[in-house]
Amino acid sequence: MRDNPVLRVVTKIIVPVIFLFALYVQFHGDYGPGGGFQAGVIFAAGLILYGLIFGTESIRCLISTRFLRALIAAGLLLFASVGFLPLLMGRNYLDYDALGQNPLSGQHLGIFLVELGVGITVAAVMVTIFVAFAGRRDS
Amino acid sequence: MNVFGLYNYWIVIFLMMTGFYVVISSGNLVKKIVGLSLFQASVFILYISLGKITGGTVPILREGITLYSNPLPHVLILTAIVVGVSTTALGLALVVRIKEAYDTVEEDEIHQQDESL
Amino acid sequence: MILSQLPALQVTLPLIAAPLCLLVRSGRAAWGIALFASAASFAVAVLLLSRVLDQGTLSYEFGGWAAPWGIEYRVDIVNVFVLFVVTAITTVVLFFANDSVRKEVDASRQSLFYTVWLLCLTGLVGIVMTGDAFNLFVFLEISSLSSYVLIAFGKDRRALTASYQYLVMGTIGATFVLIGVGLLYMMTGTLNMADLADRLPAVMATRTVRAALAFLVVGISLKLALFPLHLWLPNAYAFAPSAVTAFLAATATKVAFYVLLRFLFTVFGVTFAFEAMPLGIILAVLGAAAILSTSVVAIFQDDIKRMLAYSSVAQIGYMVLGLSMASVAGLTASILHLFNHALMKGGLFLALGCMAYRLGSVRLGALAGAGYRMPWTMGAFLVGGLSLIGIPLTAGFLSKWYLVQAALGQGWWPVLVVVIVGSLLAVVYVWRVVEMAYLRRPNDSDASAVREAPLSLLLPTWFLIGANLYFGIHTRLSVGIAGKAAAVLMGQSQ
């Protein structure tokens, strides 16, 4: 599909917009529909669109498979570690109240970090699945 | 509430049985996964439709609105959708590997190849 | 401070160790992380057991949100016993897994293998600990998805179709559980199990709650491999890697049985589940059918792993038979058998893993003369087999004894007949293996190549088999805890 000029040009214009929209959905999960999972999928969709048009090698040039694996682990570790912080302050696991000066800012920060972890993991997982499926050659 | 007022449940039952039928009757492994997806989607509709409160709006805090629909089913279904996506992805990954190992995705032919061992 | 946070640590330790396994490249390092996480989980489980025996039921609120709005982990004597079993089995089998997995799984995928193993452990532990119905569904799916992947790691290509079949049936089961939970939420407005138990009696007589019970029981039975929903189990156990079979056989179905106990006795209550709805007779018939039919099928299997898999379905039948009596004695027998079966089948599948490691195959023909070439391995299999049959001084005898006593106490004479016939059938299929191993001459061509299994594989095997003998003789601990757990379950219900 790389040879089709319409697809090439439109993809190059749209993919950054998709990424921007993904970031918007990620951080506005408090105020509207959104959150980590949705944003991760949209972000991955942008990368996958790029990969569909320009070939899976182009995704590998952008992000190596090893880095994707590290991202999957990092997102999950971020989520679990944010849960651990309140333990150090004597509260229960995932008690966001302890993370800020007052419960409101604590909850805000806690949800922000946790959703970020989810978004990172989900985006990395989706791209890994795509690369794993599309990268197999018929033998 | 008459029978037609419960239309959301009829839709749920219809989708559920369709999905279940596809899983049971289809011989193609990919179609089974599609049926499974359909089956799970009907359960999502069941949950969300029972969260709707008459006269309630979308469960997002806004100024001046007092009656919201129940947000809990929405949150539960977000989790369930992720579970469904993972299951579909895993099932399809298995189908890809099965195709490479057996050269077919029809259940009958796979059985034949295994029986002949 | 740590002691009060134990319930959270129990789930988060394997959860955090899983991505760490993903980050390392070497299989050896991943195995080390997995072993450390399992041992730490076991330590936490032991601490929880001692705390529950001291203080009674523990309650832990996640995120500081009070139940019933927040997710609550309730640890009582029933939970903590199953938790003890699960974490102990995973630690012992991981000791075994080091050499076994290195032989059966590609080196490049071993770190992924251990990642998924830890995720499965997280799921199983979460199911056992949680006091929230939807949280149970989430952990159920985590453990199920991980077990599909673990089974697909098997070398034989039929592991893929076995995993696929398990995936389809398991997802249908989990979705049924989801529907059941949704219907319960619809009628009561809460997801917390203790709160459900309080609010359900008011709406008990409605069709929705009856439908919820039906969906939940069928969904859990699919996971439990209760006859006739057991079709995924023989293939899944036969083609998975040896360590995975030992792990899943000793934990996954036990946890599903715990879920059944929790829903029937704590959430719904004995009066509704067994008197208003005819669940007692249904489960008793299915349990008896499981014991008899699958034991017969086991006799005709050529692959010993499949034979033991069918035998597992029969043992689950024993457990369900005890449950169907809905009495303290019956439940004691079931919970006791849960513990004993984990030891029996764990040890037997580990012994089979030793055989697979040395002989390369677990077909009956390959075992000719193995009793002399691999004395310790076959000895372990022999003792495990005796425990399956129910010879006195082994753990298996104990559970069958208590089961028969419970049945006679209720006047259910047919149960005695079923248990005796089941044990006789077990004699037949265990004898087939013993005869082949001890009374046949080995093939001369490969006689010289086979030695005893390495110590790293034998020690875990004999640990579990030895535990069989130990708990068959020193019965007070296991029977005592099982009895307390049964009393709590019956006392909690209406």
Item to check | Residue match in the range C:282-293 (condition: farther than 18 Å from C:LEU403 by Cα and in a helix (DSSP H, G or I)) | outcome: yes
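Among the residues of the range C:363-416, count how many are of a type in the set (Ser, Thr, Tyr) and under 15 Å from C:LEU469 (Cβ atoms).
So in the range C:363-416, the residues of a type in the set (Ser, Thr, Tyr) come out as C:372, C:377, C:387, C:394, C:399, C:402.
Then keep just the ones that are under 15 Å from C:LEU469 (Cβ atoms); that gives C:387, C:394, C:399.
Residues in the range C:363-416 being of a type in the set (Ser, Thr, Tyr) and under 15 Å from C:LEU469 (Cβ atoms): 3 in total.
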Checklist outcome for this item: Scanning the range B:71-117 for residues that are aliphatic (A, V, I, L, M), open to solvent by less than 40 Å² (accessible area, probe 1.4 Å) and out of contact with any Leu (no Cβ under 9 Å at 6 or more places or on another chain) gives B:ILE77, B:ALA89, B:ALA93
Checklist entry - List pairs: first in the range C:260-273 and touching a residue at least 60 places away in the same chain (Cβ under 8 Å), second open to solvent by 10 Å² or more (accessible area, probe 1.4 Å) and not in a helix (DSSP H, G or I), Cβ under 6 Å, 6+ apart or cross-chain? => result C:PHE265/C:SER493; C:GLY269/C:SER493; C:GLY269/C:GLN494; C:VAL270/C:ALA326; C:VAL270/C:SER493; C:THR271/C:GLN494; C:PHE272/C:MET204
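Residue-wise test of (1) open to solvent by less than 20 Å² (accessible area, probe 1.4 Å); (2) not small (Gly, Ala, Ser).
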{"position": "C:MET187", "(1), (2)": "no, yes"}
{"position": "C:THR190", "(1), (2)": "yes, yes"}
{"position": "C:ALA197", "(1), (2)": "yes, no"}
{"position": "C:MET204", "(1), (2)": "no, yes"}
{"position": "C:ALA240", "(1), (2)": "yes, no"}
{"position": "C:ALA249", "(1), (2)": "yes, no"}
{"position": "C:VAL255", "(1), (2)": "yes, yes"}
{"position": "C:PHE263", "(1), (2)": "yes, yes"}
Checklist entry - Within the bounds of the range C:149-172, is there any residue that is open to solvent by 20 Å² or more (accessible area, probe 1.4 Å) and more than 10 Å from every other protein chain (Cβ to nearest Cβ)? => result yes
Checklist entry - Just wondering, is there one or more residues in the range C:252-269 that are of a type outside the set (Lys, Arg) and in contact with a Gly (Cβ under 6 Å, 6 or more places away or on another chain)? => result no
Checklist outcome for this item: For A:HIS28, the lone unmet condition from (1) more than 9 Å from every other protein chain (Cβ to nearest Cβ); (2) surrounded by 14 or more Cβ atoms within 10 Å (Cβ to Cβ) is (2)
Checklist entry - Within the range C:10-29, which residues are within 12 Å of chain A (Cβ to nearest Cβ) and either of a type in the set (Gly, Ala, Ser) or open to solvent by 30 Å² or more (accessible area, probe 1.4 Å) (or both)? => result C:LEU13, C:LEU15, C:ILE16, C:ALA17, C:ALA18, C:LEU20, C:LEU23, C:VAL24, C:ARG25
Next on the checklist: I need every pair where a residue in the range C:205-218 that is farther than 18 Å from C:LEU323 by Cα has its Cβ under 9 Å from the Cβ of a residue that is outside any helix (DSSP H, G or I), sequence separation at least 6 or different chains.
Outcome noted: C:ARG210/C:MET204; C:ARG210/C:MET277
Checklist entry - Going through the range C:120-142 one residue at a time, which ones are part of a helix (DSSP H, G or I), away from chain B (no Cβ under 11 Å) and either farther than 25 Å from B:GLY35 by Cα or charged (D, E, K, R) (or both)? => result C:CYS120, C:LEU121, C:THR122, C:GLY123, C:LEU124, C:VAL125, C:GLY126, C:ILE127, C:VAL128, C:MET129
Checklist entry - Considering the range C:55-84 alone, what residues qualify as being under 20 Å from A:GLN107 (Cβ atoms), among the acidic types (Asp, Glu) and open to solvent by less than 40 Å² (accessible area, probe 1.4 Å)? => result C:GLU72
Next on the checklist: Where the second residue is among the hydroxyl-bearing types (Ser, Thr, Tyr) and the first is away from chain C (no Cβ under 14 Å) and lies in the range A:56-76, which pairs have Cβ atoms under 9 Å and are six or more apart or on separate chains?
Outcome noted: A:SER58/A:TYR50; A:ILE59/A:TYR50; A:LEU62/A:TYR50
Next on the checklist: Any residue at all in the range C:362-375 that's crowded, with 24+ Cβ neighbours inside 10 Å, at negative phi and not in a helix (DSSP H, G or I)?
Outcome noted: yes
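The values are calculated or read from the model by the stated rules, or taken from the named source; none is laboratory data. This is a predicted model, so every value here is computed, not measured. Every residue, glycine among them, receives a Cβ derived from its backbone with ideal geometry; neighbour counts consider all protein chains shown. When the accessible area is computed, the model is the full protein with side chains, heavy atoms only, and any ligands, DNA or RNA have been set aside. Shrake-Rupley method; radii C 1.70, N 1.55, O 1.52, S 1.80 Å.
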